[in-house]
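Worksheet for the structure shown next.
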Amino acid sequence: MSDTPPPAYAGPQRVFSGMQPTGGLHLGNYLGALTKFVRLQDHYKSIYCVVDLHAITADPDPRSLAANSREVAAAFFAAGVDPKKSIVFIQSAVRAHTELAWIFNCVARMGWLERMTQFKDKAGKHAERSSVGLFDYPVLQAADILAYKATHVPVGEDQKQHLELSRDIAQKFNNDFDAPGFFPLPEPLIQGPGARIMSLRDGAKKMSKSDPSDMSRINLTDDADTILAKFKKATTDPLPLPESVEGLEGRPEVANLVGIYAALSDMSQEAVLKAFGGKGFGVFKPALAELAAQRLAPIAAEQRRLMGDVPTLDAMLREGAEQANAIAEPVMEEVRRVVGFWR
């Protein structure tokens, strides 16, 4: 057996990422994903997808799925994702995702999926009642990425394990079908400051649209008065803001608010604390609310405009799906040949 490593993937550099259409987006989605999407499109061929196939793995609601998908796509565009630079589409409009997922189901191993911690978190004590799709969705994620031979994926801490699975599946496919270098082993693009925005009520939990309390999050569509009210009621402590980053240790809610201000203002946390260190939250929270309202107001307005013109929005998404399919279908033709299907 040769010790020579298999050839590296030699194709074009591409970024892929997706977001589920599970209701209104919030500040965590904006700072943790959308701002990164906008920056990445200037450096990579970027493909961004509203993953509606993933959305039906648990509690599907056919009455709202299409509208929710449009809402997330509109938020992509409103936040600055440019259809001239990036491809934006709805996952179910490109059949390569499901076809490749089945092929990858025959490559992946049960033991790999059983180690996925997110399934355990989502299924809780009732794993046997969960859908097969919920258990298997990391394989669909691998197909989402590799249908475009994407080389880079922006990820947060909670998705690193799934990206590792995608790499394992790509490598095993390449080995099993004697196709060295066929699929790339996608690399993580680690997100910078602001990537992990926490709940306004509990600094130990991520900001989430599934939290029953609307006061735990800033929605992209919240107006200035609502944003101010939510930040004023955000959990903190009786001490003033520290004058150094080290002073944030052990104060997760305070660290979260400082991190939000830093991300919204493109400042470092050190710079934020230089400006506000020693001051009380009666000063800091209104300043943070004003900054958030200024950043989010034009995005909310553009999202409303796009949602008010569904024919134009749908036309943009159809064009995106055609562009995505133009990349994915040749990949699938290669996959069918490599696997040995009748053609």
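Please check the chain for the longest run free of chymotrypsin sites (Phe, Trp or Tyr not before Pro) that are loop-located per DSSP (anything but H, G, I, E, B) and have at most 11 other Cβ atoms within 10 Å.
With a cap of 11 other Cβ atoms within 10 Å, the longest stretch comes to 1-340.
What does the convex hull of the Cα atoms come to per residue for the chain, in Å³?
Convex hull volume per residue, Cα atoms: 164 Å³.
Considering only the chain, what is the antiparallel percent among its DSSP beta bridges, to the nearest 5?
Roughly 10 percent of the DSSP beta bridges within the chain come out antiparallel.
Just need the relative contact order of the range 214-304 here, percent rounded to a whole number, with Cα pairs under 8 Å and 6+ apart.
The normalised contact order for the range 214-304 reaches 39 percent.
Among the lysines, select those whose C-alpha is under 30 Å from the C-alpha of Lys230, and discard any that sit fewer than 8 residues away in the same chain.
The qualifying lysines are Lys36, Lys122, Lys205, Lys206, Lys209, Lys274, Lys279, Lys285.
For Lys45, list the aspartates and glutamates whose Cα falls under 20 Å from its own Cα; do not include residues on the same chain fewer than 8 positions away.
Here the aspartates and glutamates satisfying the reach criterion relative to Lys45 are Asp82, Asp144, Glu187, Glu319, Glu322, Glu329.
Can you list residues from other chains, or at least 5 along the same chain, whose modelled amide H is less than 5 Å from the amide H of Leu189?
Under 5 Å from the amide H of Leu189 lie the amide H atoms of Val153, Val155, each far enough along the sequence or on another chain.
Using bins 5 angstrom wide from zero, how does P(r) for the range 214-304 break down, in % of all Cα pairs?
3, 15, 25, 25, 17, 10, 4, 2, 0
Pairs of Cα atoms under 8 Å, at least six residues apart: use those to get the relative contact order of the chain, whole percent. List each step's numbers first, then the result.
Values: 500 pairs, mean separation 76.4, N = 343.
After rounding, I find 22 percent.
Count charges around Pro12 for me, please; just the other residues with Cβ under 10 Å from its Cβ, Lys/Arg as +1, Asp/Glu as -1.
+3
FYI, it's all coordinate maths here, none of it is from the lab. This is a predicted model, so every value here is computed, not measured. FYI the Cβ positions are ideal-geometry reconstructions off the backbone, even for glycines, and counts take in every protein chain you see.
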